[in-house]
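The values are calculated or read from the model by the stated rules, or taken from the named source; none is laboratory data. Quantities reported herein were computed from a predicted structural model and do not represent experimental measurements. For neighbour counting, all protein chains shown are included, and Cβ atoms are generated from backbone atoms with ideal geometry for every residue, glycine included.
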Amino acid sequence: MAAARTETPAARTLELDVPDWPAHRPGQHVDVRLTAEDGYTAQRSYSVASTPGTGRLELTVQRIDDGEVSPYLVDVAQPGDAFEVRGPVGGYFVWDDADPAPVLLVAGGSGIVPLMSMIRARSAAGLRVPFRLVYSTRSPDITIYADELRRRQRDDRGLDLAYAYTRGVPPGWRRPPGRLDGALLREAGWPADLGPACFVCGPTGFVEAAANLLVDQDHPADRIKTERFGPSGGGAA
Ligand SMILES: Cc1cc2nc3c(=O)[nH]c(=O)nc-3n(C[C@H](O)[C@H](O)[C@H](O)COP(=O)(O)OP(=O)(O)OC[C@H]3O[C@@H](n4cnc5c(N)ncnc54)[C@H](O)[C@@H]3O)c2cc1C
């Protein structure tokens, strides 16, 4: 690990120097394997957060308090530590920048990570494909990439953002805390007849609920790509 930066009290971005890191496609992940001194190993998947083609691999990890691997990556690992990384992995949950269709990104919590790689890729390539992000997060203080998203909302033409705060809202926010619902998705997403490419990522329960809302709004199933981060039942983002 070359460096780390704190994103929120519960999440940290790890910058890894991987010799000959190939350009990844936005949305792909890597498998990280940790090995203890006694030989015990644990492996978990983490989405690539960084812009494709920069030569550096960035992962953003959110701590699951009773988890085995994420507390180590968020709180303990230090620059200079070495991990085994395999990847990039996955050819399904990727945004194809040659597809001119508008894009709808729906993130729950740390599900923002692969979607951020798509946002960064679009910007780095100077593309104007319209992107809309609907981001479900508990509260402003634990919203991953909040500052960068604020800046990009101002500077990246054709990128629109909407938040669903599930527990605590910013001062003056017009909606009470609550889960992502069909009304917000209709207001902040794209109508199905524009044929958007939809990417939904987050805890399993969140992904299932959001994908169902999109299907209810007539988005065809083959335009809704999903990535589930956690076990079933992890509904609140
Ligand atoms: C393709 C893919 C990409 C991923 N990308 C990221 C990423 O970019 N950033 C990131 O932080 N995580 C990501 N994850 C989740 C990650 O792989 C681990 O599952 C997560 O870090 C928890 O690992 P752990 O060892 O700390 O917890 P574990 O020891 O595996 O689990 C501890 C407890 O937490 C529950 N749990 C596990 N994962 C979750 C979860 N996501 N939500 C709620 N409860 C959970 C388990 O059921 C168990 O009860 C990704 C998962 C996949 C499959």
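Key figures
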read-out	value
The listed residue being out of contact with any Pro (no Cβ under 8 Å at 6 or more places or on another chain), at pLDDT below 95 and of a type outside the set (Gly, Ala, Ser), out of 186, 175, 179	175
Evaluation of residue 129 against (1) assigned to a loop (DSSP other than H, G, I, E, B); (2) more than 18 Å from residue 189 (Cβ to Cβ); (3) not acidic (Asp, Glu) (one fails), failing number	(2)
Residues of region 83-124 classified as on the phi > 0 side of the Ramachandran plot and surrounded by fewer than 23 Cβ atoms within 10 Å (Cβ to Cβ), total	2
Looking only at region 1-47, and only at residues there that are of a type in the set (Gly, Ala, Ser) and over 16 Å from residue 72 (Cβ atoms), the one that is surrounded by the most Cβ atoms within 10 Å (Cβ to Cβ)	47
Condition broken by residue 158, with the remaining ones in (1) without any contact (Cβ under 8 Å) to a residue 60 or more places away in the chain; (2) under 24 Å from residue 31 (Cβ atoms); (3) not charged (D, E, K, R) satisfied	(2)
Failed condition for residue 95, given (1) in the same structural domain as residue 168 (by TED's automatic domain parsing); (2) within 14 Å of the chain's Cα centre (by Cα)	(1)
Region 46-66 residues that are on the phi > 0 side of the Ramachandran plot, paired with ones that are more than 6 Å from the ligand (Cβ to nearest atom) and outside any loop (DSSP other than H, G, I, E, B) (beta carbon under 9 Å, 6 or more apart)	53/121; 53/124
Options 82, 42: the member that is within 12 Å of the ligand (Cβ to nearest atom) and either part of a loop (DSSP other than H, G, I, E, B) or more than 28 Å from residue 122 (Cα to Cα) (or both)	42
